[in-house]
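Trainee: Input: one structure, supplied below.
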Amino acid sequence: MKIGISITSAYQTSDVREGARQMIARTRAAATAGLDSLFVGDHHIVATPYYQNTPIIGRLLAEWDTRTSGALLLLPLWNPVLAAEQIATLACIAEGKFVMQCGLGTGNKQFAAMGTKIKNRPSAFEQSLECIRSLWAGETVSLDGRWKFSEARISPLPPTTIEVWIGASAPVAIDRAARMGDAWLADPSMTLQQAATAMDVYQSALAKHDKRTPDTIAIRRDIYVAESGEDAQQVKDLISKQGYRGFDPESLVIGPAEEVAAKFQAFQNLGYTDIIVRNLHSDPVSAVQSTERLATVIEMTGS
């Protein structure tokens, strides 16, 4: 099992530099703890500070090494030529393997502000991904579809092959991930039982499309590695009172290192190879400490 991290990009702070500093501190903690991969997310038109993916991962890579890194792009919101250029440039900065995580995206306001139509998400996603891969291969690309452009060609080209992980939760989206992706990234809101059902859907889709099981099948978990059982219970009580992003509490991983390790092992038993964590604790010190304790989880899981 591999354990990676998706660094939280949204911060409730009046000092906009502080949010960026917190992302750097969390990355340093992840590097020291020995995590296998580093990612950032993608969202737009946010009321509170949200640090955009391509510039911030470029900065965070200065704290990383040859381990895997990457960024999420909600492809229907991006011009494919710009997306291909941005990811290719980041792959040149990264010392190791670079991954483009991608998905459809949600939210009418976000799509309207970015000049795209939410109803066109599936076709826009597929057209975009096909164009991006052709551009990375050094081809000259034209498109008369959800975007219209002609004779596009990018430089620099990626120095190594960029893996594409497709985020999906609905059966039709999981089928698309099996058909078009190098890997599938399962949704963070899934409970263990839902993740088991989704894995069956994915394996059936791979068989339907005559695809072998990939080396990577990832799932994101929002977590807090607690100092003690008492510490964990306090956080669970707070989540129970306030809620957390509309998630089923069963989908969250909160507990001391041994409890977190056991829950991660349960996902490995289902066939997931990578756990991509995100810190759910809003306190910056607690979030860094949780990441530091992942070193113990890694020892316990043999990752």
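Readers should treat all values here as calculations from the given coordinates under stated rules, not as data from a laboratory. Keep in mind it's a predicted model, so treat the numbers as computed, not measured. As a convention, Cβ positions derive from the backbone with ideal geometry for all residues, glycine included, and neighbour counts pool all protein chains shown.
Trainee: For region 196-303, which strands (runs of 3 or more DSSP E) that fit wholly inside it have 1 or more residues that are under 19 Å from the mean Cα position of the chain (by Cα), among the basic types (Lys, Arg) and under 26 Å from residue 31 (Cβ atoms)?
Mentor: Counting at least 1 such residues, we get 217-226, 274-279.
Trainee: I'd like to check something: does region 49-59 contain any residue that is in a loop (DSSP other than H, G, I, E, B) and more than 18 Å from the chain's Cα centre (by Cα)? Give the steps one after another, and end with the answer.
Mentor: Taking region 49-59 as the starting set, the residues that turn out to be in a loop (DSSP other than H, G, I, E, B) are 49, 51-52.
Within this subset, residues satisfying the condition of being more than 18 Å from the chain's Cα centre (by Cα) are 49.
There is at least one residue in region 49-59 that is in a loop (DSSP other than H, G, I, E, B) and more than 18 Å from the chain's Cα centre (by Cα).
Trainee: A further question on this structure: Residue by residue through region 52-99, note down the ones that are of a type in the set (A, V, I, L, M, F, W, C), under 24 Å from residue 34 (Cβ atoms) and buried (at least 17 other Cβ atoms within 10 Å of the Cβ).
Mentor: First, pick out the residues of region 52-99 that are of a type in the set (A, V, I, L, M, F, W, C): 56-57, 60-62, 64, 71-75, 77-78, 81-84, 87-88, 90-94, 98-99.
Going one step further and asking which of them are under 24 Å from residue 34 (Cβ atoms), we end up with 56-57, 60-62, 64, 71-72, 90-91, 93-94, 98-99.
Passing the criteria: 56, 57, 60, 61, 64, 71, 72, 90, 91, 94, 98, 99.
Trainee: Yes or no: residue 69 closer than 27 Å to residue 170 by Cβ, touching a strand residue (DSSP E or B) at 6+ places or on another chain (Cβ under 8 Å) and among the polar types (S, T, N, Q)?
Mentor: In short, no.
Trainee: Condition first: assigned to a helix (DSSP H, G or I) and not acidic (Asp, Glu). Can you find one or more residues in region 185-192 that meet it? Even if it seems obvious, please write down each step before you answer.
Mentor: Of all residues in region 185-192, those assigned to a helix (DSSP H, G or I) come to 192.
In the following step, the residues that additionally are not acidic (Asp, Glu) were identified as 192.
Yes - at least one qualifying residue is present in region 185-192.
Trainee: I'd like the residue in region 142-162 that is in contact with a Phe, Trp or Tyr (Cβ under 8 Å, 6 or more places away or on another chain) and in contact (Cβ under 8 Å) with a residue 40 or more places away in the chain and, out of all such residues, is farthest from residue 80 (Cα to Cα).
Mentor: 160
Trainee: Counting only residues that are closer than 15 Å to residue 75 by Cβ and either without any contact (Cβ under 8 Å) to a residue 40 or more places away in the chain or out of contact with any Gly (no Cβ under 7 Å at 6 or more places or on another chain) (or both), how many does region 180-212 have?
Mentor: Selection size over region 180-212: 3.
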